[in-house]
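The values are calculated or read from the model by the stated rules, or taken from the named source; none is laboratory data. As the structure is a prediction and not an experimental result, all values here were calculated from the model. Note: ideal-geometry Cβ built from the backbone for every residue, glycine included; neighbour counts use all protein chains shown.
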Amino acid sequence: MTHSIAALLAQAQLPDSDTPRLDAELLLAHVLGKPRSYLLTWPERQLAEPQVARFLTLLARRRQGEPVAYLLGEQGFWSLSLQVSADTLIPRPDTERLVEVALQLGPQHPAQILDLGTGTGAIALALASERAHWQVIGVDRMPGAVALAENNRTRLALANVQFLHSDWFAALGQRQFQLIVANPPYIAADDPHLQQGDVRFEPASALVSGADGLCDIRHIIDSAPSYLQAGGWLLLEHGWQQAEAVRQLLSERGFEAVQSWQDLGGHQRVTGGCWHA
């Protein structure tokens with residue numbers, strides 16, 4: 001039996017995906033080790049049976065809801081291509097807003113920067129790639145995430161970033177930073193979205209934070225002043241309905257210039273404050 005690229009894509013059924021054609025093209029291009037443009041250029045190219053079998057296997061896994069990024073083993077973020085695994089969250093476009101704000105507010109001179117709960121290393125690596133004069137440390141409490149982030153650092157050949165195994169600030173000793181950023185867990189434990197879509201396959205420890213989704217954010221806000229130099233910023237990504245609560249927590253802790261920034265969808269997604277005490 002012969003199978004052309006066009007025929008396989010036409011037969012690919014992903015009824016629960018918001019982007020079925022794109023998903024199928026990404027999976028088939030991955031199997032072939034080619035860019036997506038290859039599929040458009042050579043639609044009549046015939047595939048070998050092992051290639052067809054691998055594509056159909058990936059398609060079946062996607063049909064069960066497994067994220068495309070996990071199936072491909074990589075995800076684009078900022079200007080970087082990052083390896084991903086089930087040990088970490090998949091980097092999302094909304095988080096690029098946190099990177100943008102950090103680049104705007106961070107010091108223009110050499111500085112020490114901290115990324116809490118680094119996961120794939122996405123935020124730390126994006127900042128390090130844009131600011132060669134910054135020394136960035138990314139921490140995560142999951143050893144698998146630290147290993148993955150370090151692998152991404154090596155692949156990207158970024159010398160100004162380091163990854164450590166640490167439960168938030170626990171392993172940082174007396175270090176001080178001019179900027180701390182975090183995309184912590186911020187979903188409430190009973191949120192029905194945890195049973196839907198891609199997040200079903202992502203680690204719950206990177207998603208859920210207590211009854212109201214704010215437990216980790218409270219801990220970070222309470223602890224961060226001990227690790228911030230005077231004039232340093234703390235920036236947090238959070239849920240689209242949590243901005244007011246996060247601003248209140250920052251203000252109560254003594255942060256100044258507290259404000260929120262909108263994501264691509266117009267939701268207040270990043271909130272931060274400056275520490276002067």
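Just the residues that are under 16 Å from ALA224 (Cα atoms) and touching a Leu at 6+ places or on another chain (Cβ under 7 Å), please, taken from region 235-254.
Pass one, region 235-254, residues under 16 Å from ALA224 (Cα atoms): 235-237, 246-254.
Selection gives LEU235, GLU237, VAL246.
Taking LEU82, is it of a type outside the set (Ser, Thr, Tyr), in contact with a Ser or Thr (Cβ under 6 Å, 6 or more places away or on another chain), under 24 Å from PRO35 (Cβ atoms) and in contact (Cβ under 8 Å) with a residue 12 or more places away in the chain? It is true that LEU82 is of a type outside the set (Ser, Thr, Tyr), in contact with a Ser or Thr (Cβ under 6 Å, 6 or more places away or on another chain), under 24 Å from PRO35 (Cβ atoms) and in contact (Cβ under 8 Å) with a residue 12 or more places away in the chain.
Of all residues in region 232-250, count the ones that are farther than 15 Å from LEU214 by Cα and either part of a helix (DSSP H, G or I) or at pLDDT below 95 (or both).
Quick first cut of region 232-250, residues farther than 15 Å from LEU214 by Cα only: 232-234.
Okay, now just the ones that are also either part of a helix (DSSP H, G or I) or at pLDDT below 95 (or both), so none.
Number of matching residues: 0.
Residue check: ASN151 meets all listed conditions (1) crowded, with 17+ Cβ neighbours inside 10 Å; (2) closer than 16 Å to VAL84 by Cα but one, namely (1).
So, of the residues in region 109-129 that are part of a loop (DSSP other than H, G, I, E, B) and within 22 Å of LEU164 (Cα to Cα), which turns out to be farthest from the chain's Cα centre (by Cα)? Applying the filter and picking the extreme gives PRO110.
Just give me the residues in region 224-263 being in contact with a Pro (Cβ under 9 Å, 6 or more places away or on another chain) and not aliphatic (A, V, I, L, M), in sequence order. Walk me through how you get there before you give the answer.
Going residue by residue through region 224-263, those that are in contact with a Pro (Cβ under 9 Å, 6 or more places away or on another chain) are 231-232, 234, 236-238, 253-255, 263.
Passing the criteria: GLY231, GLY232, GLU237, HIS238, ARG253, GLY254, PHE255, ASP263.
Going through region 21-52 one residue at a time, which ones are charged (D, E, K, R), closer than 13 Å to LEU9 by Cβ and in contact (Cβ under 8 Å) with a residue 12 or more places away in the chain? Correct list: ARG21, ASP23, GLU25, GLU44, ARG45. If you filter region 220-261 down to residues that are among the hydroxyl-bearing types (Ser, Thr, Tyr) and within 17 Å of VAL139 (Cα to Cα), you find that the one that is surrounded by the most Cβ atoms within 10 Å (Cβ to Cβ) is TYR227.
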